[in-house]
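Asks: Starting off with a structure, shown below.
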2 protein chains.
Amino acid sequence: MRDNWPCDTRMDNGMTITTEHSTHPDLDFNDEIYRELNRICASLSQQCSTYQPEFRTCLDAAFQALRGGKLIRPRMLLGLYNTLVDDDIEVKLNTVLQVAVALELLHFSLLVHDDVIDGDLYRRGKLNFIGQILMHRTPESFAQIQRDPEHLDWAQSNGLLMGNLFLAATHQIFARLDLPHHQRVRLLDLLNHTINDTIVGEFLDVGLSSKAISPNMDIALEMSRLKTATYTFELPMRAAAILAELPQEIETKIGEIGTNLGIAYQLQDDYLSTFGDAAEHGKDAFSDLREGKETTIIAFARDTAKWTDIQDNFGSADLSTSQAERIQHLLIQCGAKNHSLNAISDHLNICRSMIKTLSPQVDPKAQNLLLKQVEQLASRKS
Amino acid sequence: MRDNWPCDTRMDNGMTITTEHSTHPDLDFNDEIYRELNRICASLSQQCSTYQPEFRTCLDAAFQALRGGKLIRPRMLLGLYNTLVDDDIEVKLNTVLQVAVALELLHFSLLVHDDVIDGDLYRRGKLNFIGQILMHRTPESFAQIQRDPEHLDWAQSNGLLMGNLFLAATHQIFARLDLPHHQRVRLLDLLNHTINDTIVGEFLDVGLSSKAISPNMDIALEMSRLKTATYTFELPMRAAAILAELPQEIETKIGEIGTNLGIAYQLQDDYLSTFGDAAEHGKDAFSDLREGKETTIIAFARDTAKWTDIQDNFGSADLSTSQAERIQHLLIQCGAKNHSLNAISDHLNICRSMIKTLSPQVDPKAQNLLLKQVEQLASRKS
């Protein structure tokens, strides 16, 4: 039996995914990414064509979830790669696209496993993959079955298995890249490092929320770095550096810029969800306080005298607006708000300084792009 | 950052796993397999050395579970490979050992994810990995916490994450094998096919037990093939054929022999757990009937007139011995027992005939080994 992978054969069984995003010409590389995403999905479809029709339903729901993504990581990789190379972009674009789309498959795998672990059925207000599987089972009684352990177990098992399918697919794509051996091994090393980090990041996250691990600032920061910064920032940026054949020390520097950018992003996420304008960032106001989420803001407050007052209602599922506002006020008084703003600013300043040191080995276009990302992040409100 | 993988560097940080098995000289290739398993674990250890100590505990529990395995799949691969090649066995043994041990990592990953899905804390009467994590948390109150959702979620999340770590590690090993490109791609194709099959097999298993998928004989047989036969029999046997550089058509034939052997094994498992001597096979007598497991025996009985009598107590958690014996009796009367015995015998006969057709391309030593496995399976009582 010979399985078809797009990197082996230019197979396309005619299946095409069309999405609302692909009609936006202003989003960088969107058409190319969707074309490659279509090819990968067509390949997975073809590989699974002889299985039971019930599995088809599950696979189609996964494709649907996959195409709903914002493609942040593939676009970051392609955008940076594009500024790092001049002449040969056409030659290698197919390979770069394969890596870019593999990052989106990995992202889906991590999200769905995170939702399995947290028992979530929604993501940003919409049904997630697990929610879709439940909805497909009995749309008429969704409100009841979402609390039925048997139905929920089934939908979550679908999530675990699809996460595995896409985790394996990510590795298959990396393993088959049409690149010189040393370059493929550098990418495999990067993937390996990323998987280890995200696994430990998720481990710390679950450990903190289940109280198996004691919270403190170091752990909260480490969790942010491992769970989010590595795969969302370091991975696409280092992959671009490797694909552009930059030397190892430049790849490492770009990776460190990515890590700092990623930590700033996560610190900002903690800040916005605690002090930001809920109407702007779209998250339920105070949901982090209600869930008792061990953010960097809370980790700071734990070491202050105000903690005894904060802990009374922190993590209470029926936290009232006035109680939440009181916690907000205490967090400001104890210095957590200022500390958070300073920490974000520090990490962004590290990025700015490091970007300057990339000269002269890195094209000024790439430096400008990275600086632009830093400034976009500095001014983000949602 | 550069991660160390044993296939890249001959790294050994001094960590050694010793087990009771490795002192049994009569078990084929045990020393070699444990040496390679040690190297892989040492490499994973070293990669994870900078993470929090809590993760170390989890990793060590996984290594402990990993070394408790019976090494059936690595030994099958090495045993068959050894009969398929004559001269160059020393040259390639390291590569073959890497693949062999990768199969054990995959086995652990599949087992632990299966235990997450089923909510199991025990396997063959001993605490499994998830049970060990729970026990480590609060040994003094294990009886209580094993039903506490928060503790259980934590332990199961550990299971999901360790399953992912080992699934990724399996792929990393395959991706880095020091083999010619076409041979590595053949092995990657085989791994890809195996992962797809086992995912769909597990999907069908969960679907049947959660009643999301309607049971029938085709689904029950397909589930056995996909969930067990592919990765336990077809994978090690085809991997041996690829590593021995046999032509594609011989690899395919050996794979089909593996599939038939695997289905026979699973049919026999269903048979022994329903009609076998509990003292001999070590499983709880009637546990399949009590759990309402959709075996091939039950699938056959569903299509007979006796089913209305059987279904009354089938799947009842408090099934009495006399009720279970009545079901056994009804299963014999409706022909399910005979059908099962015939089906086992048919699949083993297919194996015997196919093994003969391997001449002259395959060494008689390999044919004899395969025939020996068929006869061992034919006479198995546990």
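The values are calculated or read from the model by the stated rules, or taken from the named source; none is laboratory data. Quantities reported herein were computed from a predicted structural model and do not represent experimental measurements. Note: ideal-geometry Cβ built from the backbone for every residue, glycine included; neighbour counts use all protein chains shown.
Asks: Would you be able to tell me the number of residues in the range B:277-291 that are buried (at least 18 other Cβ atoms within 10 Å of the Cβ) and out of contact with any helix residue (DSSP H, G or I) (no Cβ under 6 Å at 6 or more places or on another chain)?
Replies: Applying the first criterion (buried (at least 18 other Cβ atoms within 10 Å of the Cβ)) to the range B:277-291 yields B:285-286, B:288-290.
Next, from what is left, pick out any that are out of contact with any helix residue (DSSP H, G or I) (no Cβ under 6 Å at 6 or more places or on another chain): B:290.
Here the count works out to 1.
Asks: Moving on. Would you be able to say whether some residue in the range B:165-188 is at the interface with another protein chain (Cβ under 8 Å from one of its Cβ atoms), under 16 Å from the mean Cα position of the chain (by Cα) and not β-branched (Val, Ile, Thr)?
Replies: Within the range B:165-188 (the criterion being at the interface with another protein chain (Cβ under 8 Å from one of its Cβ atoms), under 16 Å from the mean Cα position of the chain (by Cα) and not β-branched (Val, Ile, Thr)), the answer is yes, since at least one residue qualifies.
Residues are listed down the side, and each one gets a yes or a no for (1) modelled with pLDDT under 95; (2) over 17 Å from A:Tyr231 (Cα atoms); (3) surrounded by 21 or more Cβ atoms within 10 Å (Cβ to Cβ):
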residue: A:Asn82; (1), (2), (3): yes, yes, no
residue: A:Ile89; (1), (2), (3): yes, yes, no
residue: A:Thr95; (1), (2), (3): no, yes, no
residue: A:Val99; (1), (2), (3): no, no, yes
residue: A:Phe108; (1), (2), (3): no, no, yes
residue: A:Arg124; (1), (2), (3): yes, yes, no
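Asks: Still on this structure, I have one more. Tally the residues that are farther than 21 Å from A:Gln156 by Cα, surrounded by 15 or more Cβ atoms within 10 Å (Cβ to Cβ) and of a type in the set (Ser, Thr, Tyr), restricting the search to the range A:35-64.
Replies: Number satisfying all stated conditions: 2.
Asks: Considering only residues that are touching a residue at least 24 places away in the same chain (Cβ under 8 Å) and among the polar types (S, T, N, Q), which ones fall in the range B:346-358?
Replies: Across the range B:346-358, the qualifying residue is only B:Thr357.
Asks: Among the residues of the range B:40-68, write down those that are in a helix (DSSP H, G or I), of a type in the set (Gly, Ala, Ser) and more than 11 Å from chain A (Cβ to nearest Cβ). Steps first, please.
Replies: First, the residues of the range B:40-68 that are in a helix (DSSP H, G or I): B:40-47, B:53-67.
This time we only want the ones that are of a type in the set (Gly, Ala, Ser), so: B:42-43, B:45, B:61-62, B:65.
Scanning the range B:40-68 gives B:Ala42, B:Ser45, B:Ala61, B:Ala62, B:Ala65.
Asks: I need a count of the residues in the range B:135-149 that are in contact with a strand residue (DSSP E or B) (Cβ under 8 Å, 6 or more places away or on another chain) and buried (at least 18 other Cβ atoms within 10 Å of the Cβ).
Replies: The qualifying residues number 0.
Asks: Can you tell me how many residues within the range A:198-218 are more than 7 Å from every other protein chain (Cβ to nearest Cβ), under 24 Å from A:Gly119 (Cβ atoms) and in contact (Cβ under 8 Å) with a residue 12 or more places away in the chain?
Replies: The number of residues fulfilling the criteria is 6.
Asks: Any residue in the range A:359-377 that is without any contact (Cβ under 8 Å) to a residue 60 or more places away in the chain sitting within a Cβ distance under 9 Å of a residue that is part of a loop (DSSP other than H, G, I, E, B)? List the pairs, counting only those 6 or more apart or interchain.
Replies: A:Gln367/A:Leu358; A:Gln367/A:Ser359
Asks: If you don't mind, another one. Report yes if some residue within the range A:322-345 is closer than 20 Å to A:Met76 by Cβ and touching a residue at least 12 places away in the same chain (Cβ under 8 Å); otherwise report no.
Replies: There is at least one residue in the range A:322-345 that is closer than 20 Å to A:Met76 by Cβ and touching a residue at least 12 places away in the same chain (Cβ under 8 Å).
Asks: Looking only at residues that are within 11 Å of chain A (Cβ to nearest Cβ), buried (at least 23 other Cβ atoms within 10 Å of the Cβ) and aliphatic (A, V, I, L, M) in the range B:219-238, which one is farthest from B:Asn192 (Cα to Cα)?
Replies: Looking at residues that are within 11 Å of chain A (Cβ to nearest Cβ), buried (at least 23 other Cβ atoms within 10 Å of the Cβ) and aliphatic (A, V, I, L, M), I get B:Met223.
Asks: Could you name every one of the helices (runs of 4 or more DSSP H) located completely within the range A:71-151 that has at least 3 residues being away from every other protein chain (no Cβ under 14 Å) and closer than 25 Å to A:Asn196 by Cβ?
Replies: In the range A:71-151, the matching helices (runs of 4 or more DSSP H) lie at A:72-84, A:89-118.
Asks: Moving on to the next point. Could you tell me whether B:Leu152 is closer than 30 Å to B:Gly315 by Cβ, aliphatic (A, V, I, L, M) and surrounded by fewer than 21 Cβ atoms within 10 Å (Cβ to Cβ)?
Replies: Values: closer than 30 Å to B:Gly315 by Cβ: yes; aliphatic (A, V, I, L, M): yes; surrounded by fewer than 21 Cβ atoms within 10 Å (Cβ to Cβ): yes.
In short, yes.
Asks: Which fully enclosed helices (runs of 4 or more DSSP H) of the range B:226-339 have 1 or more residues being more than 20 Å from B:Leu80 (Cβ to Cβ) and polar (S, T, N, Q)?
Replies: B:248-275, B:287-291, B:296-302, B:307-310, B:321-333
Asks: Mind listing whichever residues of the range B:209-225 are in a helix (DSSP H, G or I) and of a type outside the set (S, T, N, Q)?
Replies: B:Met217, B:Asp218, B:Ile219, B:Ala220, B:Leu221, B:Glu222, B:Met223, B:Arg225
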